[in-house]
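What follows is a short report on a single structure.
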Protein chains: 2
Amino acid sequence: MADANELREVSRRAVRARIGEVAARLFAERGFDATTVDEIADAVGMSQRTFFRYFASKEDAALDDFARESDDFLHRLTARPADEPEWDSLRRVFDAVVERHADGELRRRSQLAHRLIKSSPTLLAAYLERADRLQQRLLEALLARAAENGEEADEAVLRAVIGAAFACLQATVSRAASAPEATDLGARLDAVMAAVRPARYA
Amino acid sequence: MADANELREVSRRAVRARIGEVAARLFAERGFDATTVDEIADAVGMSQRTFFRYFASKEDAALDDFARESDDFLHRLTARPADEPEWDSLRRVFDAVVERHADGELRRRSQLAHRLIKSSPTLLAAYLERADRLQQRLLEALLARAAENGEEADEAVLRAVIGAAFACLQATVSRAASAPEATDLGARLDAVMAAVRPARYA
DNA sequence: AACGTTTTGACAGTAGCTGACACTGATGAC
DNA sequence: GTCATCAGTGTCAGCTACTGTCAAAACGTT
């Protein structure tokens, strides 16, 4: 029984990944808005209905990588020491992006995704909404951590701090996505996050 | 000729405002997703097609207030002295929100809008996308200002600073929207923006 | 009253997305 | 080996947001 379920999960993930790849290729070729779900489904060899059994929306197919990255972020944050200043913890969380940027193939893929997102308002909107959700999850994690420490955290300030950190990440990655050549993303991020480091962590 | 055009503009704005009011009422009653454009058009007494001649999307009708606020933000920023630290200029720009919050009627309206936005993922996504656009416009203004001052601004850092300031605003307003009673939004915002104030302005 | 411009409604069509139902193919029980 | 089961899939029908087109209506100008 457990085996069967596991096999199904494996299969499901494989199909999902395949759809994601095909979709990414079509999006890159024709653009996000100009690609229909029917075309993706056809290219994969399935019905439109089945596509929607794997992805809740066309946007979800395009943002699948970011969904996985979100989970990674959360894991990395909870792995950080509880007494580390939140700002520095967040910087370490962002190493997920820096590390991915180090690999040539993954970097190209990430840059492509970022340019795609910037090219379509609806996709950008979906991306920002997911980023917002991620920030809320991180906020809960940091609130729980503060409670563990016996501190009384100001939720609004903490929310703003997370938002500020993400603004640093976005600004840095955005520039790296436009830049033709490989930049030292880690160093750039360090510089930006040092310049923006909130007074409360000074 | 000029008069006629002006009259048309007045009429157009009035109709647009009327649609916005009716839509806001329906959204408040039934929720954003549960309200169809047909229902709004019916309630106003026009065809669906005409609705879309005034608003490009259902989201736009719900976010009309924020569109006007965006223009206000930009005006206020350009009115600030060129040598003022960006962080402080942004705080003054946000006075637009603080002032609106001071008036009881406008505050209720703004709180309603915020709760509506949080209640619908699609509407939240549209809101965040518009906020992002606004930040880009403010970035351009601040870049132009820096150029005027003869400074060489780091675009990524400036982008991050604007994002950080908006994170403060959002966190503060979000809490105020949930809070039952009237809070001193200006004081709260001052506190959050002081705690998060970037190192470069220390 | 006649004219030209603008606005509007009606209609048809596309695309994203969902519910319902029937079919298929693999799995486990007997 | 047969049968019941059940997840995965395709088909179909339908809803809603949104767009192009075109003819009719509304409106200010002359």
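The values are calculated or read from the model by the stated rules, or taken from the named source; none is laboratory data. Since the model is a prediction, treat every value here as computed from it, not as a measurement. Note that we place each Cβ from the backbone using ideal geometry, even for glycine, and neighbour counts take in every protein chain shown. Side chains included, ligands, DNA and RNA excluded: accessible areas come from the protein's heavy atoms. Shrake-Rupley method; radii C 1.70, N 1.55, O 1.52, S 1.80 Å.
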Subject >> Lone unmet requirement of (1) more than 16 Å from DNA strand D (Cβ to nearest atom); (2) loosely packed, with under 15 Cβ neighbours inside 10 Å for A:His114 >> reply: (2)
**OP:** Any residue in region A:124-147 that's over 16 Å from A:Ala113 (Cβ atoms): show its pairings with residues that are open to solvent by less than 30 Å² (accessible area, probe 1.4 Å) and not hydrophobic (A, V, I, L, M, F, W, C) at Cβ separation under 6 Å, as long as the two are six or more apart or on different chains.
**Re:** A:Leu142/A:Glu86
**OP:** Hey, could you check region B:48-71 for residues that are within 13 Å of DNA strand D (Cβ to nearest atom) and within 14 Å of chain A (Cβ to nearest Cβ) and say which is surrounded by the fewest Cβ atoms within 10 Å (Cβ to Cβ)?
**Re:** B:Ala56
**OP:** Considering only residues that are of a type outside the set (Asp, Glu) and open to solvent by 50 Å² or more (accessible area, probe 1.4 Å), look in region A:170-186 and name the one that is nearest to the other protein chains (Cβ to nearest Cβ).
**Re:** A:Arg175
**OP:** Sort out which residues of region A:117-148 are among the small types (Gly, Ala, Ser) and open to solvent by less than 30 Å² (accessible area, probe 1.4 Å), and write them in order of number.
**Re:** A:Ser120, A:Ala125, A:Ala126, A:Ala131, A:Ala141, A:Ala146
Subject >> Qualifying residue in region B:156-172 (condition: in contact with a His (Cβ under 8 Å, 6 or more places away or on another chain), in contact (Cβ under 8 Å) with a residue 40 or more places away in the chain and either over 27 Å from B:Ala34 (Cβ atoms) or small (Gly, Ala, Ser) (or both)) >> reply: no
**OP:** Scan region A:2-45 residue by residue and report those that are open to solvent by 50 Å² or more (accessible area, probe 1.4 Å), of a type in the set (Ser, Thr, Tyr) and at pLDDT 95 or above.
**Re:** A:Thr36
Original post:
For region B:82-94, which residues satisfy the criterion of being buried (at least 17 other Cβ atoms within 10 Å of the Cβ) and charged (D, E, K, R)?
Top reply: B:Glu86, B:Arg91
Original post:
Going by the conditions given, is B:Asp33 under 22 Å from the mean Cα position of the chain (by Cα), within 13 Å of DNA strand D (Cβ to nearest atom) and of a type in the set (D, E, K, R)?
Top reply: yes
